[in-house]
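Accompanying notes for the structure given below.
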Amino acid sequence: MKLVFAGCSFTDGRWPVERVPFSKLTADILGYPYLHLAASAGSNARSWRVVVGGILDGTITPEDILIVQYTEANREEFWAPGINVDACYNGGIIRAKVNSYKNKWYSRFSEFLRLWETVHLNNDYQLEKFRVMDAMFQAFLQSREFKNVVFIKTVYTPCWNLLPGYSQLGIDVTDLSKKDGNWDSVNDKLPGYHLTQQGHDEVARVLAEHLRVHFSK
């Protein structure tokens, strides 16, 4: 049994300042091995892809505890040549979000990303896609008999529609992430989006206790 974490920079802990993420801290508290699949600027599409891919290839099993932190719905991922991030298929993955066209790492594709954001990005449509894909993801997990699944609610979470079997396992850390000292007030304008080291420590403590209550080793 291991802990498997998926999410964006909130869980990844490497942006805007590198921290010891609550994923590792939680695993250390409980004495579990862990698999860190979260990524800065990651989308929900990325989380679904890497988790389902891990299940299909057998690296993630129903004996594991899966912890999923959703991010905002208006993110996507695109394959492109010459990208070193998430290298695959003789290219890599652009982690697209609002203002990605200004990112120097994607300068070759700035016009494509600007067009996507200004013409093709519709928040209502993105939310509809999220609701459908989230339901399909949860149904897939249940079809594979994944019972140890915890969804983490944060300021990023587009909507909160957990299926029976998972609803009682969800945990809301929104208020905790907004507490003074827990959010990165130096680099963020609004509370709750990224955690200080103190914030990662506190989320790890609360999450570890939540896992103790619901699961046994």
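Within region 198-206, not a single residue is charged (D, E, K, R), free of Cβ contacts under 8 Å to residues at least 60 places away in the same chain and assigned to a loop (DSSP other than H, G, I, E, B). Just one of the listed residues (G53, G82) is under 20 Å from F137 (Cβ atoms) and loosely packed, with under 14 Cβ neighbours inside 10 Å, and it is G53. Just one of the numbered conditions (1) crowded, with 17+ Cβ neighbours inside 10 Å; (2) in contact (Cβ under 8 Å) with a residue 60 or more places away in the chain; (3) of a type in the set (D, E); (4) closer than 30 Å to A80 by Cα is not true of D188: (1). Filtering F10, F22 for residues that are touching a His at 6+ places or on another chain (Cβ under 7 Å), among the aromatic types (F, W, Y) and over 22 Å from I94 (Cβ atoms) leaves a single hit, F22. Tell me whether region 142-163 contains one or more residues that are under 19 Å from the mean Cα position of the chain (by Cα) and of a type in the set (D, E). Taking every residue of region 142-163 in turn, none turns out to be under 19 Å from the mean Cα position of the chain (by Cα) and of a type in the set (D, E). Taking first residues from region 160-177 that are outside the structural domain of E209 (by TED's automatic domain parsing) and partners that are in a strand (DSSP E or B) and modelled with pLDDT of 95 or more, no Cβ contact under 9 Å between residues at least 6 apart in sequence or on separate chains turns up. For region 14-28, a tally of residues being among the hydrophobic types (A, V, I, L, M, F, W, C) and surrounded by fewer than 16 Cβ atoms within 10 Å (Cβ to Cβ) returns 2. Residues that are among the β-branched types (V, I, T) and either over 21 Å from H210 (Cβ atoms) or part of a loop (DSSP other than H, G, I, E, B) (or both) within region 118-153 comprise T118, V119, V132, listed in sequence order. Looking across region 154-197, the residues that are of a type in the set (K, R) and either touching a Ser or Thr at 6+ places or on another chain (Cβ under 6 Å) or assigned to a loop (DSSP other than H, G, I, E, B) (or both) come down to K179, K189.
Each residue in region 120-159 was checked for being under 17 Å from E77 (Cα atoms) and aliphatic (A, V, I, L, M), and 3 pass.
When region 109-119 is examined, which residues are found to be out of contact with any helix residue (DSSP H, G or I) (no Cβ under 6 Å at 6 or more places or on another chain), without any contact (Cβ under 8 Å) to a residue 40 or more places away in the chain and surrounded by 12 or more Cβ atoms within 10 Å (Cβ to Cβ)? Hits for region 109-119 are F109, F112, L115, E117.
The values are calculated or read from the model by the stated rules, or taken from the named source; none is laboratory data. Everything numeric in this text was worked out from a predicted model, so none of it was measured. Cβ sites come from the backbone with ideal geometry, for glycine too, and all protein chains shown count toward neighbours.
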